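A.B. asks: Take a look at this one; I'll ask things after.
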Amino acid sequence: MTDIIHVIAEFLNNFINSVSDNLWMSVLFIFLVAIGEAVFILGLLVPSTPVLLTVGGIIALGKLPFWPIYFAAVAGGILGDAISYWVGHLFKDRLKGMWPFRNYLPLVERGEVFFAKHGGKSVFIGRFIPGVKAVVPGIAGMLGMSWARFTVINVVSAFCWAAAHILPGMFLTKWLRDAGLSFEQVVIYAIVILVVLYLLFHFHRRILLFFAPYLGKFGKSIQTRFSKADASH
């Protein structure tokens, strides 16, 4: 078991060193990931959260500088949401009949309900909600939100979003190092914890529903709560 952990840690160490040796490639990669995560519908296919959390850990290890990576994530998030807004603004309801958007009509409708409920705040809030974040900027454009108002919220939320994804990875890795763990242990534990947190954050509903039948009355209350939430949408 120790040998396996050592091999994995060695691989991750080599990966981290290769990343840190190419700063501008790393900046470009983070910029493109942040754009892809925010593009209308296509953002569903881009796993920005684990990427940014991992990069936060690499920053905490001193292998990458914070500010270039942070601003790359912010700039990518702003540009990605802006692209989504203009896609929605230009095509309006015609977008629902276009590929690939027509394959995700339930998600688009969910985004419309979310926007109708929260208004302009949905652009900020939606950036942090799995699924919804891939459609809200486009919905804002479809439903005629002004470009000026959208841009202000887009920029502010991008700064918050980037920090909320990079800083936890940094703090966790620093905490593990301060606890006196070796480099190998820090790398392994940080990756495992970040993966678990990612799964809990993005798939907590499925996880709760899976275990609900085994949780008695509490499980039934969970099922009832989610059923009501689905009915309201």
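A.B. asks: So which pairs qualify, if the first residue must be in region 23-40 and more than 16 Å from ILE166 (Cβ to Cβ), the second must be of a type in the set (Asp, Glu), the Cβ gap must be under 9 Å, and the two must be at least 6 apart or on different chains?
C.D. replies: Partner pairs satisfying both residue conditions: VAL39/ASP81.
A.B. asks: Can you find, within region 1-43, the residue that is modelled with the lowest pLDDT among those that are surrounded by 15 or more Cβ atoms within 10 Å (Cβ to Cβ), part of a helix (DSSP H, G or I) and among the aromatic types (Phe, Trp, Tyr)?
C.D. replies: Result: PHE29.
A.B. asks: Let me ask something additional. Might you check whether a residue that is closer than 19 Å to ASN154 by Cα, crowded, with 20+ Cβ neighbours inside 10 Å and at pLDDT 80 or above occurs anywhere in region 56-68? Explain how you work it out, then say what you get.
C.D. replies: First pass over region 56-68, keeping only residues closer than 19 Å to ASN154 by Cα: none.
No; the residues of region 56-68 include none that is closer than 19 Å to ASN154 by Cα, crowded, with 20+ Cβ neighbours inside 10 Å and at pLDDT 80 or above.
A.B. asks: I would also like to ask the following. In the set ILE153, ILE207, ILE191, ILE222, which member is at pLDDT 90 or above and among the β-branched types (Val, Ile, Thr)? Can you show your working first?
C.D. replies: Working: ILE207 fails: at pLDDT 90 or above; ILE191 fails: at pLDDT 90 or above; ILE222 fails: at pLDDT 90 or above.
Testing whether each residue is at pLDDT 90 or above and among the β-branched types (Val, Ile, Thr) leaves just ILE153.
A.B. asks: Take the conditions modelled with pLDDT under 75 and assigned to a helix (DSSP H, G or I) and apply them to HIS165. Does it pass?
C.D. replies: Working: modelled with pLDDT under 75: no; assigned to a helix (DSSP H, G or I): yes.
Spelling it out, it is not the case that HIS165 is modelled with pLDDT under 75 and assigned to a helix (DSSP H, G or I).
A.B. asks: Let me ask something else. Taking LYS92 as the residue in question, decide whether it is surrounded by fewer than 18 Cβ atoms within 10 Å (Cβ to Cβ), in a helix (DSSP H, G or I) and either in contact with a Leu (Cβ under 7 Å, 6 or more places away or on another chain) or at positive phi (or both). I'd like the intermediate steps shown before the answer.
C.D. replies: Details: surrounded by fewer than 18 Cβ atoms within 10 Å (Cβ to Cβ): yes; in a helix (DSSP H, G or I): yes; either in contact with a Leu (Cβ under 7 Å, 6 or more places away or on another chain) or at positive phi (or both): yes.
Yes: the conditions hold for LYS92.
A.B. asks: Residue by residue through region 41-66, note down the ones that are small (Gly, Ala, Ser) and within 17 Å of HIS165 (Cβ to Cβ). Walk me through how you get there before you give the answer.
C.D. replies: Taking region 41-66 and keeping what is small (Gly, Ala, Ser), we get 43, 48, 56-57, 60, 62.
GLY43, SER48, GLY56, GLY57, ALA60, listed by residue number.
The values are calculated or read from the model by the stated rules, or taken from the named source; none is laboratory data. If you're wondering where the values come from, they're calculated on a predicted model, not measured in any experiment. With ideal geometry, Cβ positions are generated from the backbone for all residues, glycine too; neighbour counts draw on all protein chains shown.
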